[in-house]
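What follows is a single structure, written as structure tokens, with notes after it.
The values are calculated or read from the model by the stated rules, or taken from the named source; none is laboratory data. Source: prediction; values computed, not measured. Here the Cβ positions follow ideal geometry from the backbone for every residue, glycine too, while neighbour counts run over all protein chains shown.
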Amino acid sequence: MAKDYKKLAKEIIEHVGGENNVSELHSCMTRLRFYLKDEDLADTDYLKNLEGVVTVIQASGQYQVVIGSDVGAVYEAILNNSNIDGRHAESTTNNKNKDRTLLDKFIDLISGIFQPFILVLSATGMIKGLVALLGVFGLNEANSGFYAVLNAVGDGFFQFLPVVIALTAAKKFRMNIYSALAIAFALVYPSLSDLSAGEPLYTLFTGTPFSADVFTTFLGIPVLLPPGGYYSTVIPTILAIWFGAKVEKGFKKIIPSVVNSFLTPFFTVLVAASLAILVIGPVATWGTDLIGLVFMGIYKLSPLIFGALVGGLWQLLVMFGLHWGWLLLGYYSFLNKVLHQFCLIQEAPVLVY
């Protein structure tokens with residue numbers, strides 16, 4: 001018998017206090033994540049006993065209704081049969097979530113950016129794994145058209161991940177989506193990475209861990225690019241969109257309303273994208289490099305402490321895309337029958353989920 005998702009969606013909305021009590025709604029792999037203006041209006045006991053609902057969890061300022069594998073269908077039913085659009089709504093002054101801690105706000109920010117596309121990210125990651133597996137068995141020659149097509153299907157999403165992050169980050173930072181996309185497209189513009197070809201003009205910070213070759217300048221300002229450009233980057237993109245949102249807000253205040261509609265995007269993209277390439281990107285790259293140096297220093301001091309630290313922080317590293325540098329070490333260890341500590345850390349929550 002087919003499940004009546006429309007009826008279930010109506011019941012859930014009614015017993016979280018109605019549409020007007022919903023400040024924000026997201027979905028993840030198993031849960032509907034509500035931000036309610038007043039959680040006291042929600043009938044938690046009723047929802048816990050409602051058929052189709054596994055349980056209700058109140059944590060980190062969120063009112064989480066656990067659905068299970070049908071969460072996608074219920075989420076769509078809510079959006080299609082209510083005035084809730086799954087994005088931010090105006091909060092009232094009695095919103096109890098305003099007292100959330102910095103950690104709660106941080107988790108909310110990261111989950112809000114990554115949750116909308118996490119399933120597609122997983123799917124394309126599985127395709128990349130399939131391509132690698134076919135290569136192991138000699139069924140996927142590197143120069144073949146078969147490999148080229150499958151590799152593009154699996155790797156394309158990762159290659160242009162900054163564009164996807166810009167889309168969701170713009171919603172979290174309340175920025176014009178298309179201005180945010182313009183900034184992200186500038187970061188991953190192919191010709192930008194080509195600037196690093198050839199002999200450098202000079203080198204900055206020679207003899208330090210932050211040594212950087214300068215291949216060109218912008219009005220006398222050195223243009224510093226990470227190896228391979230900003231493809232697949234996370235932190236530079238999030239910081240660039242956050243900065244872009246601040247710039248956009250400032251221009252909206254000072255530009256006359258009669259020309260605001262087109263001059264605000266013009267100046268926002270011009271200023272934010274340029275500074276993202278010239279300042280934000282390099283600083284973010286140095287920051288991630290510094291984190292890597294700290295971890296390597298700890299490893300040299302004590303591999304045991306390093307394993308415990310990386311294992312405990314692994315999920316956080318994944319959030320920011322800082323885990324890629326450790327994956328080659330992981331593959332090497334796996335081939336040499338060495339088990340990484342972070343594997344054990346992740347197995348426990350998987351088994352008890």
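List of remarks:
Yes or no, residue by residue, for (1) buried (at least 18 other Cβ atoms within 10 Å of the Cβ); (2) touching a Pro at 6+ places or on another chain (Cβ under 9 Å); (3) part of a helix (DSSP H, G or I); (4) of a type outside the set (Lys, Arg):
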residue	(1), (2), (3), (4)
Ala148	no, no, yes, yes
Gly154	yes, no, yes, yes
Phe157	yes, no, yes, yes
Val164	yes, yes, yes, yes
Ala169	yes, no, yes, yes
Arg174	no, no, no, no
Ala180	yes, no, yes, yes
Ala186	yes, no, yes, yes
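- Restricting attention to region 31-73, the residues that are under 21 Å from the mean Cα position of the chain (by Cα), surrounded by 16 or more Cβ atoms within 10 Å (Cβ to Cβ) and without any contact (Cβ under 8 Å) to a residue 60 or more places away in the chain total 8.
- Residue match in region 147-169 (condition: farther than 22 Å from Ala123 by Cα and in the same structural domain as Pro227 (by TED's automatic domain parsing)): no
- Each residue in region 201-257 was checked for being acidic (Asp, Glu) and not in a strand (DSSP E or B), and 1 pass.
- Residue count, region 1-11 (criterion: farther than 15 Å from Leu41 by Cα and outside any loop (DSSP other than H, G, I, E, B)): 6
- Any hit, region 227-248, residues being of a type in the set (Phe, Trp, Tyr) and over 18 Å from the mean Cα position of the chain (by Cα): no
- Residues of region 12-25 satisfying the condition of being surrounded by fewer than 18 Cβ atoms within 10 Å (Cβ to Cβ) and in a helix (DSSP H, G or I): Glu14, Glu19, Asn20
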